[in-house]
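What follows is a set of notes on a single structure, which appears directly below.
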Amino acid sequence: MAVDVVLGLQWGDEGKGKIVDYLADKYDIVARFQGGPNAGHTIIINDQKFVLHTIPSGVFRENIINVIGNGVVIDPITLYKEIEGLIDLGVELGDRLLVSRKAHLILPTHRLLDAASEASKGKDKIGSTLRGIGPTYMDKTGRNGLRVGDIESGFHEKYEALKKKHLKLAGLYPEVDFDLEAEEAKWMDSIEKLKKLQKIDCEYYIHHALKEGKQILAEGAQGSMLDIDFGTYPFVTSSNTVTAGVCTGLGISPQSIREVTGITKAYCTRVGSGPFPSELDNEDGEKLRKVGGEFGATTGRPRRCGWIDIPQLKYTVMVNGVTNLVITKMDILNSFGEFYVADSYQVNGETVTELPFNLSDESLTPNLKKVDGWGDLAGVATYQELPSGLKDYVSYLEKELGVPVSMVSVGPERNELYKLS
């Protein structure tokens, strides 16, 4: 069998958690392949809101195995808060949560370094969530990180050596408010709990599952425009958020990948610093933020809002090899009699449809195309019943992006997601 992939095509917050939850009952395994607790996947079921930071979004479907892959970085404190929250909600994990031994651990001193480094940048901050993600991936590529499998042998010696290195580095930055002793005590307690989870060699586990004919869904975090290689560098995350990250994040070969479902909002948002060509710093942007509830699931920060960006989406469709699209938050545009899409850019007097090397170029401005709105969606039960204006917008996006739309979401609940066929 093969692995299907669900990932975001913008700067994150596209609604991946809801889509994975919706699709999960068709699969035996849902596997998270990258990122850390800087991502928040929000799922709403029967008016109950759940936010997952590390655990895959298949957890709410009974009998589905959830794998935290080797490409993920894990903060044991965050992971156990999440597990305890799920248990309080009546979600029994049992043996359905598996953790790769090769996944790297976020230490308290990683978070200290993150906070100190970001504070030192002043107005040049990259918008870090201060969860220690960047420093953890730096240790991973620097070949001295601490992994889940290290818990089983020589753990304390390795921990102390890495902590010593971090404290030396932290001395290079101005002091920040961080209670290391208290955070370390919580972290060590969570490590003891982590020891009780089932740990796997992810690459072998996934390989054997595929040989047995298991259906696997790979879940990404953040969005493609935050990819360390192909995003708006340096305002990016520290991992590969694109389809290629599935191979390195789970230990599978490229030919194992089948369908790639790319998710985009009907408009666009971004959290933190960095370029955003179609951003609206006006009443329309504020309206999108208010009506769409655009505040970060992890940080609570207000999201920057703008119109959908066609050149940006063409780029991420290309890089990811997207085979079908899901458009979320269609309902947020209900109250707009008309809205716009950025269908190209103007750069130094020239119209371009490809992303330039530097999206922060001050000479870049989006060319906007007007789209008619469609009004209220109340009482709509099927895609066929949706207003013609909404369906025209879907057709327009299909034509521009060259990929079929498989589903549209018109609300937060599971039953507000419509298939096109």
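Rule-based calculations on the coordinates, nothing more; no lab input. The shown structure was predicted, so the numbers you read here are calculated from the model rather than taken from an experiment. We place every Cβ from the backbone using ideal geometry, glycine too, and count neighbours over all the protein chains shown.
Below, the figures for the structure above:
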| read-out | value |
| --- | --- |
| Whole-number percent relative contact order across the chain, with pairs defined as alpha carbons under 8 Å at least 6 apart | 20 |
| Counted charge near residue 219, where neighbours are those whose Cβ lies closer than 11 Å (Asp, Glu -1; Lys, Arg +1) | 0 |
| Förster radius 35 Å - calculated FRET efficiency between residue 362 and residue 248 (Cβ-Cβ, nearest 0.05) | 0.50 |
| Segment 39-105-segment 228-302 distance, computed between alpha-carbon centres (Å) | 20 |
| Lys/Arg +1, Asp/Glu -1 at C-beta; the chain dipole; positive extreme among 330, 352, 1 | 1 |
| Sites residue 204 and residue 183, calculated FRET efficiency, Cβ-Cβ separation with R0 35 Å, nearest 0.05 | 0.55 |
| Mean Cβ count within 10 Å, highest first, over the residues of peptides 104-110, 274-280, 22-28, 362-368 | 104-110, 274-280, 22-28, 362-368 |
| Cα-Cα over 21 Å, subset of 81/158; 140/186; 26/314; 214/419; 370/399; 26/196 | 81/158; 140/186; 26/314; 214/419; 26/196 |
| Long-range amide H partners of residue 74 with built H, under 5 Å | 104, 105, 106 |
| Sequence ranges 96-102, 283-289, ranked by mean other-Cβ count within 10 angstrom, highest first | 96-102, 283-289 |
| Candidates 177, 281, 189: whichever shows maximal mean-square fluctuation once the chain is modelled as a Gaussian network with Cα springs under 10 Å | 177 |
| Relative contact order of segment 167-252, pairs being alpha-carbon contacts under 8 Å that are 6 or more residues apart, as % | 23 |
| Sparse-neighbourhood loop sites, GluC sites (Glu not before Pro) in segment 171-260 - DSSP loop, at most 16 other Cβ within 10 angstrom | 175, 212 |
| Three-way shape label, segment 236-333, alpha-carbon gyration tensor, a/c 1.5 | prolate |
| Residue 381-residue 138 FRET efficiency (beta carbon distance; Förster radius 45 Å; 0.05 resolution) | 0.35 |
| Neighbourhood net charge (11 Å Cβ-Cβ; Lys/Arg +1, Asp/Glu -1) for residue 343 | +1 |
| Most mobile listed residue (70, 282, 324) in the chain, GNM with C-alpha springs under 10 Å | 282 |
| Alpha carbon convex hull of the chain, volume per residue in cubic angstrom | 143 |
| Protection proxy ranking, peptides 383-390, 315-322, average beta carbon neighbours within 10 Å, highest first | 315-322, 383-390 |
| Other-chain or far-sequence residues with amide H under 5 Å of residue 257's (modelled H) | 3 |
| Value of relative contact order over segment 1-147, rounded to a whole percent, pairs C-alpha under 8 Å and six or more apart | 20 |
| Proximal aspartates and glutamates to residue 18, defined as alpha-carbon separation beneath 19 angstrom and excluding residues fewer than eight positions away on the same chain | 4, 28, 47, 62, 82, 219, 259, 294, 331, 413, 416 |
| Ellipticity estimate at 222 nm from DSSP helix runs (n ≥ 4, -39,500 (n - 2.57)) divided over the chain, nearest 500 | -9000 deg cm²/dmol |
| Reachable aspartates and glutamates, given that their alpha-carbon falls under 16 Å from the alpha-carbon of residue 102 and they are not under 8 places away in the same chain | 75, 139, 150, 152, 201, 203 |
